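Inspection log for the structure reproduced underneath, given as structure tokens.
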Amino acid sequence: MIFRSHPYDSITTKEAIKVQLELRRKTVFPPLGKETRIVTGVDVSIKGGVAKAALVSLTCPQLLIVDTATACRRVSFPYVPGLLAFREIPAILDAVERMKVTTDLLMVDGQGLAHPRRFGLACHLGVILGLPTIGCAKSRLIGEYREPGEEKGSRTPLTDKGETIGTVFRSRTSVKPLFISSGHMIDLESAVNQVLGCLTRYRLPEPTREAHKASKLKMD
DNA sequence: GCGACAG
DNA sequence: ATCTTGTCGC
């Protein structure tokens, strides 16, 4: 397998932070306009120095899978809290090139605005692709919050320095909550509603849940 | 200096 | 994220 080079392959953490401060100026958070017909879940798994990105697209509101695109690439950036995008974006972009459908929204396994510099993986992907994106993380990176009620649908605000940066959302009764935040081209309320519309019987919304499965590196 | 820390 | 089997709880 041959792996093309990518600008982020040789970047330093200092330069990475500079890139985030530069790109974040392009983020916008309007109410989601056009209705969502296709939602795409994004996730990456890494094993033995190789990253496998998966983009699974499903119809709304039926949630039927209409496309699955994956791509593998050697990872060249370490895991640094706050700089996850530089580790996962190269592989994700390779997978994007293999998509056969046009999507209306990306649901990303990671943070959006709920990030120390307000520019998590979801924001970064949204700006680069010019698409609406939602950050749907399984745990907290930054911010304070009160534990939401145990019932599915319960939510509390995730705040930092006095501002609301996301929503802590119980996607299913008695499971750990999700940390939802805007990535790009969508407001927080719309983001939460989009995630809600993609829930079935599991903790994770279908797009992200399917992308997680499709990104798994298996040994056959 | 100490603790926290998406995946 | 990954390393890993059976098992407790809703």
- In whole angstrom, and with the biggest value first, how far do the Cα coordinates of the stretch A:135-220 range along each principal axis? 50, 28, 21
- Message: Is there a quick way to get the dipole size of the stretch A:1-58? I mean about its Cα centre, with the Cβ of Lys and Arg at +1 and of Asp and Glu at -1; what is the value in debye to the nearest 20?
- Response: 100
- Item | Packing-based ranking, highest mean first, of A:34-43, A:66-75, A:194-203 given that Cβ atoms within 10 Å are counted | A:34-43, A:66-75, A:194-203
- Hey, got the dipole for the stretch A:7-215? About the Cα centre, +1 on K and R Cβ, -1 on D and E Cβ, debye to the nearest 20? 360
- Message: Can you list residues from other chains, or at least 5 along the same chain, whose modelled amide H is less than 5 Å from the amide H of A:Ala71?
- Response: A:Ala53
- Query: Of the GluC sites (Glu not before Pro) in the stretch A:99-205, which ones lie in a loop per DSSP and count no more than 15 other C-beta atoms within 10 Å?
  - Reply: A:Glu150, A:Glu151
- Show which lysines lie in cross-link reach of A:Lys52 when reach means a straight Cα distance below 17 angstrom and same-chain residues fewer than eight apart are skipped. A:Lys213, A:Lys216, A:Lys218
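Since every read-out is calculated from the coordinates, none of them should be taken as a lab result. Just so you know, these numbers come straight off a predicted model, no measurement behind them. Positions of Cβ are backbone-derived with ideal geometry, glycine not excepted, and every protein chain shown enters the neighbour counts.
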